[in-house]
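Peer 1: Provided herewith is a single structure, encoded as structure tokens, for subsequent inquiry.
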Amino acid sequence: MSAPRGFGPAPSPFTQSAIGRQRSSKRRSALILVLTLAVLAALAGAGWFLWPGADGGRTDAKAAAAPKPGDVVSTVERTPKTPEGDQIADMVPGDEIPPGVTARTPGSWATDKVYAKSDGASVFGFSAHDAKKKWTLKLPGEICAASRHVTAGGMTAVLTEEKRGTAGPEESCSELIAFDIDTGKQLWRNHLKDAEGSSPFLVGVTVSQGVAAVTWTEGSSAYDLASGKLHWTKNATSTCRDTEFGGGVDLVAIARCGEPGQESVKAQKLDPVTGKVLWTYRISPGIKTVKVLSTQPTLLGLSAGEDLTTDVAAVDDEGKLRSLIRLEGGRYVIECDELAMEQCRGYAASRDRMYIATKEGDLLDEKNPANEIVGFDLDSGKRTGKSFPSRPLQPLVPLKMSGDKVIAYRSLRTGVVVSLDPATGKQDVLMIHPLGDDETRLADPYRSEVLYEHGRLFFSDSTMEQPPKGEDADSVILIYGPAL
């Protein structure tokens, strides 16, 4: 693999991988050529897909209207002229993280211009085209929580330590910061006095339609994303407390009421600006863990235990149960970070369907598909439509919706991004790129923060470890784009 490109004379906050610099460009090119020829015939003559609205197939006037800067919308990906991809960057931790230290680095964001990622107590913006550093945003401390959503105007929000090193024995995740991803400009910073002393494992932040909503151990609040103006707040005096939010197109809260051990749990759709409850869906007793998987449609991941998501509840626009999808004892896999908000992987959802990957089969089976992606009807909770088989040894993992198509990823010695058409069962290759043995750990959609935006693929870690001096560091960021 060729040496990482795009790092000019100015020092980069991340360091190029020495392993990446030693890879053979000729071997990479030959491998890509062989694999690309195998798919070019299927792609010949294909133009740009004109997919409907970015909310999973809607074509009404609301979906077609131009988004406002605060709106959260999804990118509708287009089929490239050629699927050949190449590595733009392969980075290891930089000097922001001292030797022997592991830092929390949740949050990664991409627009058509910039890819942004934290490294210690800063966020760095890189050109999405060549990975050259564009800006640096210094933060008061490490990021405790980060919104996964980006508005049409490129805005997002993070929650950080009050000052560096306070999320250890002196836990204090109390600084809410909004910034512009394209410019690196801090829009505002608010100190949350009531959140002082909050652990990084008990806070969360999300973005929904011009609002940054944050929750901590003893309360929750929402602020205007552009100005930082407080819209509403709740505190510990309330009989119920919001423990999690799901953002994006709508804002859904998971509220727990009553004393620990005797709590009742409910999901509530909120007006982002006023905090008014629009509907309430009560969770059945015995459910220990509830995760917001999607807000439009509203999908809740349920578990009677601590970790494994066992069922998915689809809730309609009035807060009533639409259907219940059974994951059949782990046959279908959705993996969630129990302690982090909006950190579930392995699914994609349109307004009427949810797509989930089956559990991987025998990893040594070279004849049968490693797994498949299956569609579920959200009105019935039953399997529907065509399934999408993977290839032997290359399990498919859904990443997101793109209009009415599903974007998925599979890898072995190469990585492949595919577009799945539920109407026809067809799989179109969007990108095929080289993948070294040392990169397979990071290029795992169930373990990494993965973004496929505007024809580029980004992998990153939510924690970064700087090894002791003299030891090689693992890659923490991989960026792939169209081959140059």
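Peer 1: Just checking, does segment 362-376 include any residue being buried (at least 22 other Cβ atoms within 10 Å of the Cβ), at pLDDT 95 or above, within 25 Å of Ala146 (Cβ to Cβ) and in contact with a Ser or Thr (Cβ under 8 Å, 6 or more places away or on another chain)?
Peer 2: No; the residues of segment 362-376 include none that is buried (at least 22 other Cβ atoms within 10 Å of the Cβ), at pLDDT 95 or above, within 25 Å of Ala146 (Cβ to Cβ) and in contact with a Ser or Thr (Cβ under 8 Å, 6 or more places away or on another chain).
Peer 1: Okay, moving on. For residues that are in a loop (DSSP other than H, G, I, E, B) and at pLDDT 90 or above, scanning just segment 94-118, find the one that is nearest to Val450 (Cα to Cα).
Peer 2: Gly107
Peer 1: Based on this model, can you work out whether Gly261 counts as buried (at least 17 other Cβ atoms within 10 Å of the Cβ), assigned to a loop (DSSP other than H, G, I, E, B) and of a type in the set (Gly, Ala, Ser)?
Peer 2: Spelling it out, it is not the case that Gly261 is buried (at least 17 other Cβ atoms within 10 Å of the Cβ), assigned to a loop (DSSP other than H, G, I, E, B) and of a type in the set (Gly, Ala, Ser).
Peer 1: Looking at (1) touching a Pro at 6+ places or on another chain (Cβ under 9 Å); (2) in a strand (DSSP E or B); (3) hydrophobic (A, V, I, L, M, F, W, C), which one does Ala370 not meet, given that it meets all the others?
Peer 2: Exception for Ala370: condition (2).
Peer 1: In addition: Across segment 405-414, which residue is farthest from Ala443 (Cα to Cα) among those that are in contact with an Asp or Glu (Cβ under 9 Å, 6 or more places away or on another chain) and modelled with pLDDT of 95 or more?
Peer 2: Lys405
Peer 1: Write out, first by first residue and then by second, each pair whose Cβ atoms fall under 7 Å of each other, whose residues are 6+ apart or on separate chains, and whose first residue, in segment 448-461, is under 14 Å from Ser127 (Cβ atoms) while the second is hydroxyl-bearing (Ser, Thr, Tyr).
Peer 2: Close Cβ pairs (under 7 Å, with a partner that is hydroxyl-bearing (Ser, Thr, Tyr)) amount to Glu453/Thr75; His454/Thr75; Arg456/Tyr480; Phe458/Ser108; Phe458/Tyr115.
Peer 1: Mind checking which residues of segment 204-219 are within 20 Å of Pro106 (Cα to Cα) and modelled with pLDDT under 95?
Peer 2: Trp216, Thr217
Peer 1: Quick one: Lys163 ticks every box in (1) outside any loop (DSSP other than H, G, I, E, B); (2) closer than 18 Å to Thr105 by Cβ except a single one, so which number is it?
Peer 2: All conditions pass for Lys163, except number (1).
Peer 1: Which of the residues that make up segment 307-321 are crowded, with 20+ Cβ neighbours inside 10 Å and part of a strand (DSSP E or B)?
Peer 2: The answer is Val312, Ala313, Ala314, Val315.
Peer 1: Which members of segment 330-344 meet the condition of being out of contact with any Leu (no Cβ under 9 Å at 6 or more places or on another chain) and not in a loop (DSSP other than H, G, I, E, B)?
Peer 2: Tyr332
Peer 1: Here's something else I'd like to know. Out of Asp404, Asp472, Asp444, Asp438, I need the residue that is out of contact with any Leu (no Cβ under 9 Å at 6 or more places or on another chain) and buried (at least 19 other Cβ atoms within 10 Å of the Cβ). Which one?
Peer 2: Asp404
Peer 1: May I ask you to verify whether Gly275 is without any contact (Cβ under 8 Å) to a residue 24 or more places away in the chain and assigned to a loop (DSSP other than H, G, I, E, B)?
Peer 2: So Gly275 fails the test.
Peer 1: Further, regarding this structure: Residues that are surrounded by fewer than 21 Cβ atoms within 10 Å (Cβ to Cβ), at least 1 per element: which strands (runs of 3 or more DSSP E) completely within segment 176-250 meet that?
Peer 2: The qualifying strands (runs of 3 or more DSSP E) are 186-191, 219-224, 230-234, 240-246.
Peer 1: Tell me, which strands (runs of 3 or more DSSP E) lie completely within segment 424-484 with 3 or more residues that are of a type in the set (A, V, I, L, M, F, W, C), modelled with pLDDT of 90 or more and over 18 Å from the mean Cα position of the chain (by Cα)?
Peer 2: Here the list reads 427-434.
Peer 1: Could you tell me which residue of segment 407-418 is nearest to Val73 (Cα to Cα), considering only residues that are buried (at least 22 other Cβ atoms within 10 Å of the Cβ) and of a type in the set (Gly, Ala, Ser)?
Peer 2: Ala408
Peer 1: Please name all residue pairs, on different chains or six or more residues apart, with Cβ atoms under 7 Å, provided the first residue is in segment 176-191 and is farther than 19 Å from Thr111 by Cα and the second residue is surrounded by fewer than 19 Cβ atoms within 10 Å (Cβ to Cβ) and of a type in the set (Gly, Ala, Ser).
Peer 2: What qualifies is Trp188/Ser227; Trp188/Gly228; Asn190/Gly228.
Peer 1: Return a yes/no flag: does segment 345-353 have any residue that is among the aromatic types (Phe, Trp, Tyr), touching a Leu at 6+ places or on another chain (Cβ under 8 Å), over 15 Å from Ala314 (Cβ atoms) and part of a strand (DSSP E or B).
Peer 2: Within segment 345-353, none of the residues are among the aromatic types (Phe, Trp, Tyr), touching a Leu at 6+ places or on another chain (Cβ under 8 Å), over 15 Å from Ala314 (Cβ atoms) and part of a strand (DSSP E or B).
Peer 1: Taking interchain pairs and intrachain pairs at least six residues apart, which have beta carbon atoms under 6 angstrom, with the first residue in segment 404-425 and within 16 Å of Pro392 (Cα to Cα) and the second small (Gly, Ala, Ser) and surrounded by fewer than 23 Cβ atoms within 10 Å (Cβ to Cβ)?
Peer 2: Ser411/Ala443; Gly415/Ala443
Peer 1: While we're here: Can you tell me which residue in segment 151-161 is farthest from the chain's Cα centre (by Cα), limited to those that are under 20 Å from Ser227 (Cα atoms) and crowded, with 21+ Cβ neighbours inside 10 Å?
Peer 2: Thr160
Peer 1: The conditions are (1) at pLDDT below 95; (2) closer than 27 Å to Val249 by Cβ; (3) of a type in the set (A, V, I, L, M, F, W, C), and Ala167 fails exactly one of them. Which is it?
Peer 2: The one condition Ala167 does not meet is (2).
Peer 1: Which one of these is out of contact with any Gly (no Cβ under 8 Å at 6 or more places or on another chain) and over 19 Å from Leu139 (Cα atoms): Ala212, Ala255, Ala222?
Peer 2: Testing whether each residue is out of contact with any Gly (no Cβ under 8 Å at 6 or more places or on another chain) and over 19 Å from Leu139 (Cα atoms) leaves just Ala255.
The values are calculated or read from the model by the stated rules, or taken from the named source; none is laboratory data. This structure is a prediction, so every number in the text was calculated from the model and none was measured. Ideal geometry is used to build each Cβ from the backbone, glycine not excepted, and the neighbour counts take in all protein chains shown.
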